[in-house]
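Asker: Have a look at this one.
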């Protein structure tokens, strides 16, 4: 049985490229060739500091793929382009039962790139997949480098839902990294005008391509915006966002390695984490329809052998907007024999 390569986390600052053998597929398993996988801020935290990950893990959760092989109960043809939903929940806990599955405490062990192997690999296995939820087929006209944004775009859609921003509103986004850019794209698709604070010139330019207006922190006026999104995870960014949110909800998306003190006595703080099924499907719909296109924000592409360099570039390269690991450009393989 043929093998494939993965970038395996060994310790902080170290990944190793290893070859593994394909396992026999279960009746509802789907094996995918990874077309490309984005580097997320959480991947940076994992690689540099060992956050959210244990040795032996394959990271990478922002991916698109093409079907290689499926289990006996799955009807997907070889080569089918799919969006991949990495977040997988138990469906039985208190959070899942009340409709807050994104808060499921058992999700880490079940999710791709956390408990299960992720997309920094030539192939990824989606076990016991629900077609249309965990693996979502899309039309061939969709660019895979747009499609891999479905996961961070779903995070953005969840945050926008919490903010209650709607067409005609004016929003402020602080931080134009991957998630911040997705917030911008989804807001503009919904008819919301967007101001953006971002210190990096290349990210400001990416925000402007999406249709936002870039401003400096000093130009942010108190009480001007109907919704404020903090997507930087930096103390200065949070201070700017809190100052702006006098009459608007302040939605927190940015991750930080340490607590950040901020004066926000009058702020309506709303924490946004992950996404629900409907958010992921909304993200795919916006991408398929062409209402949100993020591939222009891709600034760097690295082969699988340079996964560590890709993550370091995302962390330190001032010219980086979105960094991708592109494991292979080979055509999708024909289906392999599957377990009955």
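Asker: Filter the range 134-174 down to the residues that are in a strand (DSSP E or B) and buried (at least 24 other Cβ atoms within 10 Å of the Cβ) and list them by number. Break it down stepwise before answering.
Answerer: Here is the first cut: in the range 134-174, the ones in a strand (DSSP E or B) are 135-137, 170-174.
Residues satisfying the conditions are 171, 172, 173, 174.
Asker: A follow-up question, please. Taking the residues in the range 103-122 that are crowded, with 21+ Cβ neighbours inside 10 Å and more than 16 Å from residue 9 (Cα to Cα) as candidates, determine which candidate is farthest from the chain's Cα centre (by Cα).
Answerer: Going through the qualifying residues, I end up with 104.
Asker: Among what's in the range 175-190 and is surrounded by 24 or more Cβ atoms within 10 Å (Cβ to Cβ) and assigned to a loop (DSSP other than H, G, I, E, B), pick the residue that is farthest from the chain's Cα centre (by Cα).
Answerer: So the residue we want is 175.
Asker: Now for a different question. Name the one entry in 262, 209, 196, 288 that is closer than 16 Å to residue 171 by Cβ and not assigned by TED's automatic domain parsing to the domain that holds residue 321.
Answerer: From the options 262, 209, 196, 288, the qualifying one is 196.
Asker: May I ask you to list pairs of residues, at least six apart or on different chains, whose Cβ atoms are under 7 Å apart, with the first in the range 49-68 being not assigned by TED's automatic domain parsing to the domain that holds residue 38 and the second being at pLDDT 95 or above and buried (at least 21 other Cβ atoms within 10 Å of the Cβ)?
Answerer: none
Asker: Going by the conditions given, is residue 17 modelled with pLDDT of 95 or more and surrounded by fewer than 20 Cβ atoms within 10 Å (Cβ to Cβ)?
Answerer: So residue 17 fits the description; yes.
Asker: Residues to consider are 272, 231, 239; find the one that is out of contact with any strand residue (DSSP E or B) (no Cβ under 8 Å at 6 or more places or on another chain) and modelled with pLDDT of 85 or more.
Answerer: 239
Asker: In contact with a strand residue (DSSP E or B) (Cβ under 8 Å, 6 or more places away or on another chain) and crowded, with 19+ Cβ neighbours inside 10 Å: is that true of residue 125 in this structure?
Answerer: Details: in contact with a strand residue (DSSP E or B) (Cβ under 8 Å, 6 or more places away or on another chain): yes; crowded, with 19+ Cβ neighbours inside 10 Å: yes.
Yes: the conditions hold for residue 125.
The values are calculated or read from the model by the stated rules, or taken from the named source; none is laboratory data. As the structure is a computational prediction, the values presented were derived from the model and not from experiment. Reconstructed Cβ throughout: ideal geometry from the backbone, glycine too, with neighbour counts over all protein chains shown.
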